[in-house]
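Right, one structure below, let's go through it.
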Amino acid sequence: MVSLAGSQILSPKQRPCAPRRPGHSMRTIRSALLHPDSPPGPSSRPRAAADEGDSDIENLTDSVIDFRLSELAATAGPAHPAAVAKSSSANAAATEMLELSRDFSDYSSFNSDISGELERLAAAAATPRSDAPDLAAVDLNDLESMDLSADAAPLDRVEPFVLACVQALGPDAAPDARRAAAARIRLLAKHRSDIRELVGVSGAIPALVPLLRSTDPVAQENAVTALLNLSLEELNRSAITAAGAIKPLVYALRTGTASAKQNAACALLSLSGIEENRATIGACGAIAPLVALLSAGSTRGKKDALTTLYRLCSARRNKERAVSAGAVVPLVHLIGERGTGTSEKAMVVLASLASIAEGRDAVVEAGGIPALVETIEDGPAREKEFAVVALLQLCSECSSNRALLVREGAIPPLVALSQSGSARAKHKS
């Protein structure tokens, strides 16, 4: 590395007078080398704070320069192909460091080795890797017939298609190309965990998020479903959240096709696996469109909405939002839809809402107690168990509800259930 020991420093009269670039003093240049994230130019810190750090900045040693060159060399070195799309930022960093070294050359006699090394590294960073996929040669139509099993499609074969899809999702791409790319990522992320992980680190997630607000319903549905499939990989959930997808997913839940709404509900359910996201999802307005899906959705849509509401209502504020959005009335109606799987889920959500006073009042007002008593009398064994749990929640802290339960004739079926039901049903009865 460079040493100052053998350097001959010329006097100011002997030194050639190089033009000084405005805003680049030696202190600025050295500070930029030490703190690459700070733009060159006059410091915005108060003078007193700047003076305290002068001694550290002035002690620019070979080890600091080594460290910066090592960082730049790491940028120029081999990278995972999924990161090739980010090479422009590496080139910009190399160019910035090169300009700094040239500024250095105006004022220092030991600059030549540094400048030459930086020149070499900048050129290396700008040179495409020989093993990088040739995206121009990738035909995305081949995905339609490709066998995506692990044996037939190892990751190194799939990777060029993933990167080509990400490229086609760019903001400058044609709408048709973006729609098709979202559909292909949806397909790629459908079955295999390792492909979902690969797509997650390729830059596809932030590229998909803007399509959630697309006026093209097909593009919106493809983006929603692609993000749903990607969210099945736990590592991707934080990335989807960080990309700002929650509010656009709520938008798709309100405005999308029937399939888009169902898949948006499932995607929000997946993201609610991160506990901190539950309050955020509720605050972004997800509760009201989920309640609407209870009334107007397909059987599958109703199940997805019920499961998502149950998860979100672990937060008290979301229970209040659900009651305010009118969730109780459709939930009571769903109790009567036996044999579809929605009845059990509806009673579970009702029991959750009945844990707050507003929820208990709403259930009673909507006729929930007679519906639950009828289920205990005539429903399948599993539904009886859920019904008695909901009734227990309604009556545990409300004496008036206990009186209503007695008037509805609940005592005989409860006694029968305590003798012949499952262990849990007996205990709750």
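Results, tabulated for the structure shown:
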read-out	value
Carbon/sulfur fraction of accessible area - region 134-243, other protein chains in place, 1.4 Å, %	52
Around G336: net Lys/Arg minus Asp/Glu count, Cβ-Cβ under 15 Å	-2
Highest average packing first - 159-165, 268-274, Cβ atoms within 10 Å	159-165, 268-274
Region 324-364-region 220-264 distance, computed between alpha-carbon centres (Å)	26
Extended-chain gain in nm, criterion 0.36 nm per residue less alpha-carbon gap, L148 and T299	51.3 nm
Neighbour net charge for V373 - beta-carbon separation under 11 angstrom, K R +1, D E -1	-2
Spherically averaged projected area in nm², based on the convex hull that wraps the Cα atoms of region 134-243	6.4
Over region 134-243, relative contact order from alpha-carbon pairs under 8 Å, at least 6 apart, %	25
Positive minus negative residues near L353 (Lys, Arg vs Asp, Glu; Cβ under 9 Å)	+1
Per residue, in Å², the accessible surface of region 134-243 once ligands and nucleic acids are set aside, probe 1.4 Å	46
Accessible area expressed per residue, region 244-388, with surrounding protein chains retained (probe 1.4 Å, Å²)	37
Flagged links, alpha-carbon separation over 31 Å, of K190/K303; K247/K319; K303/K428; K261/K428	K261/K428
Solvent accessible area, Å² - H191, 1.4 Å probe, full protein context	130
Per-residue HN-Hα couplings for region 314-331 [Karplus 6.51, -1.76, 1.60; θ = phi - 60°; Hz; x = Gly/Pro]	5, 8, 4, 4, 6, 4, 4, 5, 5, 4, 5, 7, x, 5, 5, 4, x, 5
Length added when fully stretched, A381-R317, from 0.36 nm per residue minus Cα-Cα	19.8 nm
Note, ³J(HN,Hα) from phi for region 177-185, Karplus 6.51, -1.76, 1.60, rounded to Hz, x at Gly and Pro	5, 5, 4, 5, 5, 4, 5, 6, 5
Burial order of peptide ranges 411-419, 315-323, 367-375 (average beta-carbon count within 10 Å, highest first)	367-375, 315-323, 411-419
Derived scalar couplings ³J(HN,Hα) [region 159-165; Karplus, 6.51 cos²θ - 1.76 cosθ + 1.60; whole Hz; x for Gly, Pro]	4, x, 5, 4, 5, 5, 5
Potential extension, A283-V201 segment - 0.36 nm per residue separation minus Cα distance	26.7 nm
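The values are calculated or read from the model by the stated rules, or taken from the named source; none is laboratory data. Here the structure is a predicted model, which means the values were calculated and not measured. All Cβ positions, even for glycine, are placed from backbone atoms using ideal geometry, and neighbour counts span all protein chains on display. Side chains are part of the model used for accessible areas, which takes the heavy atoms of the whole protein and leaves out ligands, DNA and RNA. Shrake-Rupley method; radii C 1.70, N 1.55, O 1.52, S 1.80 Å.
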